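Colleague: Here you go, one structure.
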Amino acid sequence: MTRHLPLEVISQVIAHLEFDELKRARLSCTALRDLVSPILFDSLSVMFFDISTHSRGRRRLALLKAIAKQTTTVGKYVRALAIVYPFETSKPDSRVARLILRFWHRVTSGQDRLCSQVMTWLLHASSHLVSLRSIHWGSYDTIAR
């Protein structure tokens, strides 16, 4: 299909697709995969509060692991990385600060095994995120969804 249409026409069609339609288009052929992947993988969020309980969190974790282990090349498209921890900080107080410090202490000391594994994958994946322009680190309420 893409051999018979000018790239400008295909780009215009892609611009009007919803996220789920982009995912399906990416799977249809290699030409569309190459055009759609930079759009789909422009940003990656690692949300520590849903990595084990929500399917979206597990998919993001699987993608991060694949980038770290070099079983996928989509890391080259990621321009923004968001690392989100599970505390609201819209009204910072000492209780929230203590929770955040305790959480990151558990991660860095290896007490929270899954989160420690995620941090290891983040470190390994970082060298494959060649287009990375920004890293956002914060709580869910402070990082745009």
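Colleague: Scan the stretch 109-143 for residues that are open to solvent by less than 80 Å² (accessible area, probe 1.4 Å), modelled with pLDDT under 90 and not polar (S, T, N, Q) and report the count.
Modeller: Within the stretch 109-143, residues that are open to solvent by less than 80 Å² (accessible area, probe 1.4 Å), modelled with pLDDT under 90 and not polar (S, T, N, Q) number 12.
Colleague: Would you confirm, using the coordinates I've provided, whether residue 81 is touching a strand residue (DSSP E or B) at 6+ places or on another chain (Cβ under 8 Å), part of a helix (DSSP H, G or I) and modelled with pLDDT of 75 or more?
Modeller: It is false that residue 81 is touching a strand residue (DSSP E or B) at 6+ places or on another chain (Cβ under 8 Å), part of a helix (DSSP H, G or I) and modelled with pLDDT of 75 or more.
Colleague: Looking at 71, 89, 53, can you tell me which residue is part of a loop (DSSP other than H, G, I, E, B), at pLDDT 90 or above and not basic (Lys, Arg)? Reasoning before the result, please.
Modeller: Values: 89 fails: at pLDDT 90 or above; 53 fails: at pLDDT 90 or above.
Of 71, 89, 53, the one residue that is part of a loop (DSSP other than H, G, I, E, B), at pLDDT 90 or above and not basic (Lys, Arg) is 71.
Colleague: Another question, if that's okay. Considering the stretch 15-36 alone, what residues qualify as being part of a helix (DSSP H, G or I) and surrounded by fewer than 16 Cβ atoms within 10 Å (Cβ to Cβ)?
Modeller: Of the stretch 15-36, the ones part of a helix (DSSP H, G or I) are 15, 19-28, 30-36.
Result: 15, 19, 20, 21, 23, 24, 27, 28, 30, 31, 33, 34.
The values are calculated or read from the model by the stated rules, or taken from the named source; none is laboratory data. Predicted, not measured: the structure shown is a model, and the values here were computed from it. Please note: Cβ atoms are built from the backbone with ideal geometry, for glycine as well, and neighbour counts cover all protein chains shown. What goes into the accessible areas is simple: the full protein's heavy atoms, side chains included, and nothing from ligands, DNA or RNA. Shrake-Rupley method; radii C 1.70, N 1.55, O 1.52, S 1.80 Å.
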